[in-house]
Amino acid sequence: MQATLNERLVELQLFRLRLPLTAPYHLAYGDVEAFDTILVYLRTTDGAEGWGETTPLEGYSTHGAEDAWRLTVEWGRVLRGQRAGDALAFLDARTAGAPFACAGLATALETAAWGEGDTGGDAAARVPLIGTIRSAEPAEISDEVERLLGAGYSTLKLKIGRDVAADLANVSAAQHAARRRGLLRIDANQGYTLADARRLFRGLDPAGIQLLEQPFPVDRWDWMEVAGKDTPVPLMLDESIGGEEDLRRASGILNVRYVKFKLMKAGSIARLEHLVAHAAALGLGVVVGNGVASDIGCLHEAQAVAGRLALAGEMNGFLKLTEPLVAAPLRVDRGDLIVPPRGQATVLRERVAKYAIASARL
C-alpha cells in the first residue's frame, strides 16, 4: 500500500448517478424511489486504479446529494496532482464534519492501494446478510417472511417508526410467520417520540426480536437513557453514532448493546475499521452495512469486514437496484453474501454512463 500512497493522482473521473430501484424503499422519514449516488474513479502515476462511492440520504447523511457532489468536485480539483498519501490526509482532516462528502474520494484512494497485495485473502468469503422485509401489510409480511427464510436468511429486518399500532401489528405478523426460525431486527429510523416508544414497549412481545434500532432522533440521548430502563428488547444506535465519543456514551446506557456503522458514514475504510475495533473494545456488538448503496459501496463494506463480525451484515442496497454496476454481480447464497477478494470488481462504465446525471473529468 505504501508504494501507491507515494504516487501522484493523474486522473479523476466523477459521476453523479440516479439509480432506479425495483420498488420504493420505505423509511420512517420518507420513501426512497432512487439512489442519488456519487462515484469516483481515479488513477495514480504507477497505473493503480480505484473506485469509490457515496450515496447521501436526506434525513440521514451529514450532507445532501447536492452538497456532497459539490464538495467531491471541489476537493477532486484540489487533490489532482497530489501524492495519494497527502490526498488521504487532506480527506481525513475533513471526515468528522463531512464523512459522506469524503467517502467516495477516500475509498477510491484506498481501493487503488489494494492492488499491491492488501487483498484480504485470495479466496471468496461469506458474509451473512439480513433479509429485508419490504412489505407494510401483515398478510404480505407473512408471505415475505416465508420467502426470506426459505432463501436461507436467518436474521430479518422490518422497518417501523410511523404508527405504533400499525408497527405492533406488523411486528406480530413477522414474529408469527418466523415461528422461532429466525431473528427479527426492527428499525424505527428515528421515527418515535418517547411516548411512542413506551406504547411500543407495552405492546411488544420480545420473543425472537434481536434488537430495536434507533427509535429516536440523533440528539435525544436523554430519551435513550429513559428507554434503556424500560425496553423489553436490546437497543441499537445507528444515526446517533458519529465517532469515539458517541460510542463511549452509548456504552454507558442500559440495554444499548449494539451499534451500527456504514462505510460512507465513517468516511473511509480505515476509519470504519477503527470504529469497529473501538466499539468491540467497549463491549458493544457491531453491525455493519448500508441498505442505501449500490453494489460498489456494498462490495467495499463487505470486503472491509469479511471474517471479522459475528452479526449479520446489512450491506444489501445492491439488491434494491434494477441492474448492477459491476460486471460480475454480487451473489447471495443461502442468505450469505459471497464476497470476492479485494481488487476483483470490474465497474461497467456503459452502465455508469446510462444513469449519470452529471460528471466531471479532472
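Per-structure values
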read-out	value
Of residues in the range 223-240 being out of contact with any Leu (no Cβ under 8 Å at 6 or more places or on another chain) and of a type in the set (D, E, K, R), the one least open to solvent (accessible area, probe 1.4 Å)	Asp238
Residues (open to solvent by 10 Å² or more (accessible area, probe 1.4 Å) and among the small types (Gly, Ala, Ser)) located in the range 183-198	Gly191, Ala195
Hey, Ala174 over 21 Å from Gly317 (Cα atoms), free of Cβ contacts under 8 Å to residues at least 40 places away in the same chain and buried (at least 19 other Cβ atoms within 10 Å of the Cβ) or not	no
Condition check for Ala328: outside any loop (DSSP other than H, G, I, E, B) and of a type in the set (Gly, Ala, Ser)	no
Selection count, the range 13-67, where residues are open to solvent by 50 Å² or more (accessible area, probe 1.4 Å), modelled with pLDDT of 90 or more and among the hydroxyl-bearing types (Ser, Thr, Tyr)	2
Residue that is modelled with pLDDT under 95 and over 23 Å from Lys354 (Cβ atoms), where the choices are Ala3, Ala89	Ala3
Residue ID - least open to solvent (accessible area, probe 1.4 Å), chosen from residues in the range 301-313 that are out of contact with any strand residue (DSSP E or B) (no Cβ under 7 Å at 6 or more places or on another chain) and either outside any loop (DSSP other than H, G, I, E, B) or closer than 17 Å to Gln210 by Cβ (or both)	Ala304
Residue under evaluation Thr119, criteria (1) part of a loop (DSSP other than H, G, I, E, B); (2) modelled with pLDDT of 95 or more, criterion not met	(2)
Residues satisfying the stated conditions in the range 86-117, i.e. open to solvent by 20 Å² or more (accessible area, probe 1.4 Å) and within 10 Å of Gly50 (Cβ to Cβ)	Gly115
Residues satisfying the stated conditions in the range 309-323, i.e. closer than 17 Å to Thr37 by Cβ and either of a type in the set (A, V, I, L, M) or more than 17 Å from the chain's Cα centre (by Cα) (or both)	Met315, Leu319, Leu321, Thr322, Glu323
Residue ID - nearest to Thr155 (Cα to Cα), chosen from residues in the range 199-222 that are open to solvent by 10 Å² or more (accessible area, probe 1.4 Å) and touching a Ser or Thr at 6+ places or on another chain (Cβ under 8 Å)	Gln210
Residues of the range 326-349 classified as open to solvent by less than 50 Å² (accessible area, probe 1.4 Å), over 24 Å from Lys260 (Cβ atoms) and at pLDDT 95 or above, total	3
Positions within the range 56-111 being among the hydrophobic types (A, V, I, L, M, F, W, C) and farther than 20 Å from Leu272 by Cβ, in sequence order	Ala65, Trp69, Val73, Val78, Leu79
Leading residue by the ranking (farthest from Ala178 (Cα to Cα)) among those in the range 128-137 that are open to solvent by 10 Å² or more (accessible area, probe 1.4 Å) and at pLDDT 95 or above	Pro128
Meets criteria (touching a strand residue (DSSP E or B) at 6+ places or on another chain (Cβ under 9 Å) and not in a helix (DSSP H, G or I)) for Val352	no
Enumeration of residues in the range 56-67 that are under 16 Å from the mean Cα position of the chain (by Cα) and closer than 13 Å to Cys102 by Cβ	Pro56, Ser61, Thr62, His63
Qualifying residue in the range 260-280 (condition: of a type in the set (D, E, K, R), within 19 Å of Asp187 (Cα to Cα) and surrounded by fewer than 20 Cβ atoms within 10 Å (Cβ to Cβ))	no
Selection status of Arg180, out of contact with any helix residue (DSSP H, G or I) (no Cβ under 8 Å at 6 or more places or on another chain), open to solvent by 20 Å² or more (accessible area, probe 1.4 Å) and within 20 Å of His300 (Cα to Cα)	no
Matching residues in the range 68-77 - criterion: being open to solvent by less than 70 Å² (accessible area, probe 1.4 Å) and either more than 13 Å from Phe100 (Cβ to Cβ) or not aromatic (Phe, Trp, Tyr) (or both)	Ala68, Leu71, Thr72, Val73, Gly76
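The values are calculated or read from the model by the stated rules, or taken from the named source; none is laboratory data. Everything quoted here is computed from the prediction, not taken from an experiment. Every residue, glycine among them, receives a Cβ derived from its backbone with ideal geometry; neighbour counts consider all protein chains shown. Keep in mind that these areas ignore ligands, DNA and RNA; they rest on the heavy atoms of the full protein, side chains included. Shrake-Rupley method; radii C 1.70, N 1.55, O 1.52, S 1.80 Å.
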